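Please treat every number below as a calculation from the coordinates, not as lab data. Since this is a predicted model, take the numbers as computed values, not measurements. Here the Cβ is made from the backbone with ideal geometry for all residues, glycine too, and neighbour counts use every protein chain on show.
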Amino acid sequence: MTTLFRLLFALPLFAAATDVAVAAEPQTGARPNILFIFSDDHAYQAISAYNDPRKLIETPGIDRLAKEGMLFTRAMVPNSICGPSRATVLTGKYNHLNGFYNNSNSRFDPAQPTFVKQLKAGGYQTAVIGKWHLISEPAGFDHWHILPGQGIYYNPPMIKNGERLKHEGYVTDIITDLSLDWLKQRDKSKPFLLMAQHKAPHREWSPALRHLGWDKDKPHAEPATLFDDYANRGVAVRDQDMTLAKTFTPLDAKLSTPGSLNAEQRAVWDAYYAPRNQKFAAANLTGKDLVRWRYQRYMHDYLACIKAVDEGVARMLDYLKAEGLDKNTLVVYAADQGFYLGEHGWFDKRWIFEESLRTPLLARWPGVTKAGSVNHEIVSNLDFAETFLDAAGLPIPADMQGRSLRPLLAGQTPADWRKSFYYHYYEYPEPHRVRPHEGVVTDRFKLVHFYKPAAGYWELYDRQKDPQELRDFYNDPAYAKTVVELKHELARLRTELKVPAEPPREAFGNQPFDNEPRTKQPPVKKKAVKK
Ligand code: CA
């Protein structure tokens, strides 16, 4: 071991020890358990602790983490889609370094270092239960029990340590049950890492049957931008394919019944949806009325999915308390990214804009985090791996790109905490035709470069003046100095984060761009040909 190597690894340990002293942690010497509850596409607008003006839903389970811990208001993901976000959580790295760029043709290389492997080697018992979505099998886990691919909502097949199994029931309840089962039978001589990862509320937002009609047909408040006309911005926001008006399918609208339901479940499903669907068909809605109907159906289903997740969180917190584990368990709730709940007329994610850039993030850590605290710093899922290693007193590899949240959780934001954030989305053109873009985000501004297809163009958003991000200020002379400063900051971040000048072609997925010939074959690995 070289001196430099030793020094790099010693520094985070020293930092962790300092923080312990500052926070006056009561369990000196006891390494905390880590419960990471992760959902898929959960918008912060759909957590009552975030106090969204629409007041869409009450989430008393998740809100307990805000009441008893810390709520982060600006937690960001570096690439707002499922697989890439999961790869970032595991590695603490951007996608250009962990190799998982998109959901089309990326595969997680299980040989690369992850915080999970490090925790396991460091004496933790490790498990992942639920959605995985990284194509290759989980590595570094003592126990894994995952959904294949995206998974399905009703009676889902799952894979337990390599063995295919079929489960009866609703996916969110099953993941909660399996997580609690694992906690009950775990090796109690070791601290644990449990990653309980929900499929919900991913599209197509199918609720638990007990939650059908939970809203008693009361209308949900619409977002102010439901009928965004995409004026004052470039072509990207118009060229997308993710609107309630054009992209929402009959399956999304529950106008057809999922084949995975058994006869008994199907009867409950049909008893709720069939009469409402008949009424909808008879009304023959068009234009804005149709969009409004779709929005209401979307909110009923999406928010119903959240209700099951929230009940699951409450059950897990109850278990920790009943077992006396609540005192020495760091509990983190996050989603793989944010989501549009009708803002700009959209569902889905992908954009650098606020609703998709941000993930909900709440953390409860007794002895470190003050109950009811709120943090407004720019934090990221890049920071999770470092935070968990720091909590476990393990060295943080120098090539990880985030930073431990421990000082923030202890109420002490370091003076040199990040003031800007680098974002990069790749997958194009399908699904959803959101153009590849990169950008820099600060407290107030977003400078965005839509760089493909063709020549591309820049945009500047000012959240202070335009919180809904409806106007591009890039060519406004009043912002000329800001644009120059942000371009410098973007260049600085690209260098610091080792971003290549050009992404590899496969970063965008398998499909040809519009300016490429449609007959072009996806890139394939060349095999040696014998001559
Ligand atoms: Ca997702």
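Using Cβ contacts closer than 10 Å as the measure, can you line up Tyr422, Tyr457 from fewest to most? Don't skip to the answer; put the middle values down first.
On the way: Tyr422 23, Tyr457 16.
Result, fewest neighbours first: Tyr457, Tyr422.
With a 10 Å Cβ neighbour count serving as the proxy for reagent exposure, in which order, fewest first, do Phe339, Phe227, Phe508, Phe473 appear? Can you show the working numbers first?
Details: Phe339 27, Phe227 15, Phe508 22, Phe473 19.
With the sparsest Cβ surroundings first, the list reads Phe227, Phe473, Phe508, Phe339.
Which of rounded, prolate, oblate describes the chain, given a ≥ b ≥ c as roots of the alpha-carbon gyration tensor eigenvalues and a/c under 1.5 marking rounded, otherwise prolate only if a/b is larger than b/c?
On the way: a/c = 1.38, a/b = 1.10, b/c = 1.26.
The shape class here is rounded.
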Item to check | Reachable aspartates and glutamates from Lys419, criterion Cα separation under 15 angstrom, eight or more residues apart if same chain | outcome: Glu377, Asp383, Asp443, Glu485, Glu489, Glu496
Checklist entry - Do the alpha carbons of any pairs in Lys93/Lys327; Lys254/Lys279; Lys184/Lys370 sit beyond 23 Å of each other, and which pairs? => result Lys93/Lys327; Lys184/Lys370
Checklist outcome for this item: Note to self: C-alpha centroids of region 106-169 and region 406-456 sit apart, in Å, by 28 Å
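Under the definition of Cα pairs under 8 Å and six or more residues apart, what whole-number percent is the relative contact order of region 310-445? Write out the running numbers ahead of the final one.
Working: 158 pairs, mean separation 23.5, N = 136.
It rounds to 17 percent for region 310-445.
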Checklist outcome for this item: Listed with the fewest Cβ neighbours within 10 Å leading, Arg210, Arg292, Arg435 appear as Arg210, Arg292, Arg435
Checklist entry - Could you state the number of Å between the C-alpha centres of region 190-268 and region 58-88? => result 19 Å
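Could you work out the relative contact order of region 389-444, using alpha carbon pairs under 8 angstrom and six or more residues apart, expressed as a whole percent?
Working: 43 pairs, mean separation 13.6, N = 56.
This gives 24 percent for region 389-444.
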Checklist entry - If the limit is 21 Å between Cα atoms, which of Lys246/Lys307; Lys131/Lys349; Lys218/Lys307 go over it? => result Lys246/Lys307
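Which shape class, rounded, prolate or oblate, goes with region 343-397 when its Cα gyration tensor gives a ≥ b ≥ c as root eigenvalues, a/c under 1.5 marks rounded, and past that a/b bigger than b/c marks prolate?
Values: a/c = 3.47, a/b = 1.77, b/c = 1.96.
It is oblate, given that a/c is not under 1.5 and a/b is not larger than b/c.
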